[in-house]
Structure formats: structure tokens, C-alpha cells
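These notes are about the structure you will find just below.
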Amino acid sequence: MQKTQVAIVGASGYSGQELVRLLLGHPHVAISCFTSRQYAGKPVTDIFPKFRGLVDAAFVEPKIADIVASGAQAAFLALPHGVAAEYAVPLLEQGIKVLDLSADFRLKSAAVYKDFYEHDHPAPALLARAVYGLPELHRDAIKKADLIACAGCYPTSIILGVWPVLKQAKNIIVSSMSGVSGAGRKVSEEYIFPECNESARAYGIPKHRHLSEIEEQLGQTISFTPHLIPINRGIVSTIYIDAAVPDPLPVYREFYQNERFVRVTDALPDTKNVAMTNFCDISARFDKRTKRLVVVTAIDNLTKGAAGQAVQCLNLAFGYDETEGLL
């Protein structure tokens with residue numbers, strides 16, 4: 001069986017590197033090109049020695065013509081917001097499916113995008129065409145889509161935690177903690193080891209960019225406080241919901257009983273149990289004293305929160321088993 005050819009645009013970032021790791025183990029996919037402006041011309045294994053013996057290719061400049069010439073049938077855009085859209089438009093015109101890991105196509109409103117990202121949307125005509133890439137919510141639409149906006153890491157951890165009780169949910173308050181890789185593979189003083197190690201801090205208050213897609217998907221306003229913590233990868237979200245669900249675990253288990261990548265657990269989730277996996281672990285407790293539901297979720301921000309989710313979407317879009325390359 002001929003393998004599906006895919007390009008990784010922005011393959012040298014953390015999400016791009018995670019895509020390489022996952023796709024090298026995918027039985028039906030071959031990576032047709034690895035792009036990186038910074039490392040163009042250098043062997044992939046010079047930058048990522050972990051792939052020695054597995055990859056015999058060099059990074060190339062992210063040029064549309066070269067991506068098309070590589071035979072790519074799909075392209076993962078592991079790029080910053082605002083940049084991804086510049087590639088999505090010409091790639092779609094060439095008949096290449098686009099799986100965007102940035103925030104460029106997650107929202108339906110160009111005005112909301114401008115409000116949260118502080119610049120005009122670079123391709124507003126495509127917003128209606130894009131499908132939000134969270135398979136547990138939009139599986140059927142993803143199967144038919146040629147432009148998939150893969151859900152963000154914080155939104156994945158929060159939306160999946162709320163979704164089973166959304167009809168009853170009011171006054172949602174979320175406190176999330178994320179590993180440093182969520183900031184991307186860049187040199188910045190606030191993310192270097194001496195600044196992050198032995199420290200935890202809140203940021204993005206009161207209007208983190210991910211609020212926009214969380215609120216759009218949930219259909220209501222929430223309070224959200226993200227925190228940076230000194231681990232490499234992983235997100236834990238604690239979600240407080242005014243919802244009368246006295247025995248929540250059976251509700252969550254029934255709702256997610258057919259979802260391969262959502263695990264409802266008796267024990268409260270821990271990032272170490274989801275690291276390097278595409279799982280979202282969820283547990284919940286009802287606080288009789290406050291009449292409030294408390295839901296805790298854990299994901300790997302680079303896998304279920306980024307690259308793994310993108311591969312899950314690719315599998316749906318090309319008719320493969322949803323778990324291929326992920327287990």
C-alpha cells in the first residue's frame with residue numbers, strides 16, 4: 001500500500017520535532033520534506049540526534065514550490081500564528097490538505113481573532129472553511145475537511161474536561177499549569193533554565209489568547225488563569241463548575257466510553273502518566289459543601305495538545321484508524 005506523503009513545515013520547533021517522532025512510527029505515512037529556515041541545508045539528525053538511523057534527509061527552506069514538488073498530500077503547519085496562514089492559502093490551492101497547529105484558523109470570527117491576537121487576520125476568507133481539530137467533538141467534520149485547525153493545548157485540556165456536563169455548566173473557572181515547552185523552542189530570558197527552575201508563576205491575566213477558542217467552543221464566557229511551572233512538558237487543568245452532578249465519574253465514563261484517547265480515572269490525573277502520549281486523563285469530584293463540580297485533566301501539551309492531536313486528525317482525514325502512529 002502506497003504511503004501518504006506529508007510535509008512538516010516548521011519541523012525544527014518542539015511541535016515539529018514531536019511530529020517527526022510520531023510520524024516515523026506511522027505505518028501509512030512518509031515524511032516528504034522537513035522545512036526550517038534556521039537549519040535549511042543541515043541534516044535533520046545534526047539538529048535532532050535522537051533520529052539517527054531513522055531519518056536520512058536535510059532541512060529545506062519552506063518554499064511552496066518545494067513542498068509541492070516533494071509530493072506532499074498533506075502539510076502540517078507547525079508555525080507561529082500569522083505565519084501559518086501565508087502557507088495555508090497556496091497549499092490548499094495546490095490540493096494539499098492542511099493541518100494547522102497554529103491559532104490562525106481556530107476561530108470563526110476575524111474580529112475576535114484581531115481582538116485576541118492584536119492584528120488583522122491574514123486570510124479571513126478561509127475561516128468558514130476550517131474545521132476545529134478536536135476529534136472528540138468534531139470527528140465527522142474532520143473526516144471531510146481539507147483545512148483542519150488543530151485545537152490548542154490549554155483548550156484541549158479544558159474543553160474535554162467540561163464537555164460532558166456542558167449543558168448544566170455555569171460559572172466556569174479554570175486554573176491551568178503548563179510546562180515550559182508550551183512557549184515554543186525560542187531563546188527568551190523568561191524561559192531559560194535559571195528563570196524557570198524552582199519557580200512557578202501566573203501569566204496571561206485576564207485575557208490569555210486561548211480564551212477565544214475555549215469560549216467559542218463552549219459557547220460561554222469563562223475565567224482562565226494559566227501558570228508556567230518548571231517541567232518540560234505537560235498540562236494540568238483544574239476546572240471549577242457550578243453544576244449539580246453529585247456522582248460525576250459514571251457520567252464522564254459513559255460520555256467518553258468510546259473515545260480511545262480519553263481516560264476517566266479514579267485517581268486525580270498526573271502529567272507523568274500522559275507524558276509522550278496522546279491521552280487526556282480526566283477525573284472529577286463533586287464538592288457537597290460548595291455545590292460545585294471540580295474536574296481535573298492532564299495532557300502532554302506537545303502530543304495531545306499539539307502534534308499527537310494533529311496526527312489523530314490526519315488519520316481521520318485520510319481514512320486510517322484513529323490510533324495509527326499514536327499507540
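The values are calculated or read from the model by the stated rules, or taken from the named source; none is laboratory data. Every value quoted in this text rests on a predicted model; they were computed, and no experiment measured them. Positions of Cβ are backbone-derived with ideal geometry, glycine not excepted, and every protein chain shown enters the neighbour counts.
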Inset, instruction - Quick one: in region 131-146, of everything that is under 15 Å from the mean Cα position of the chain (by Cα) and free of Cβ contacts under 8 Å to residues at least 60 places away in the same chain, which residue is surrounded by the fewest Cβ atoms within 10 Å (Cβ to Cβ)? - result: His138
Legend entry - So Arg52, is it touching a residue at least 24 places away in the same chain (Cβ under 8 Å) and in the same structural domain as Gly16 (by TED's automatic domain parsing): no
Legend entry - Single residue of Ile205, Ile192, Ile231 found to be more than 24 Å from Gln312 (Cα to Cα), without any contact (Cβ under 8 Å) to a residue 24 or more places away in the chain and in contact with a Ser or Thr (Cβ under 7 Å, 6 or more places away or on another chain): Ile205
Inset, instruction - Check off (1) more than 18 Å from Glu216 (Cβ to Cβ); (2) outside any loop (DSSP other than H, G, I, E, B) for Pro122 and give me the number that stays unchecked. - result: (2)
Legend entry - When residues of region 294-327 are limited to those that are in a strand (DSSP E or B) and buried (at least 23 other Cβ atoms within 10 Å of the Cβ), the one farthest from the chain's Cα centre (by Cα): Val295
Inset, instruction - Name the helices (runs of 4 or more DSSP H) wholly inside region 174-293 in which the number of residues that are aliphatic (A, V, I, L, M) is 2 or more. - result: 211-218, 248-255
Legend entry - Within region 1-116, helices (runs of 4 or more DSSP H) holding 2 or more residues that are small (Gly, Ala, Ser) and surrounded by 14 or more Cβ atoms within 10 Å (Cβ to Cβ): 14-23, 84-93
Inset, instruction - Would you check which residues across region 208-228 are of a type in the set (Ser, Thr, Tyr) and touching a residue at least 60 places away in the same chain (Cβ under 8 Å) and list them? - result: Ser212
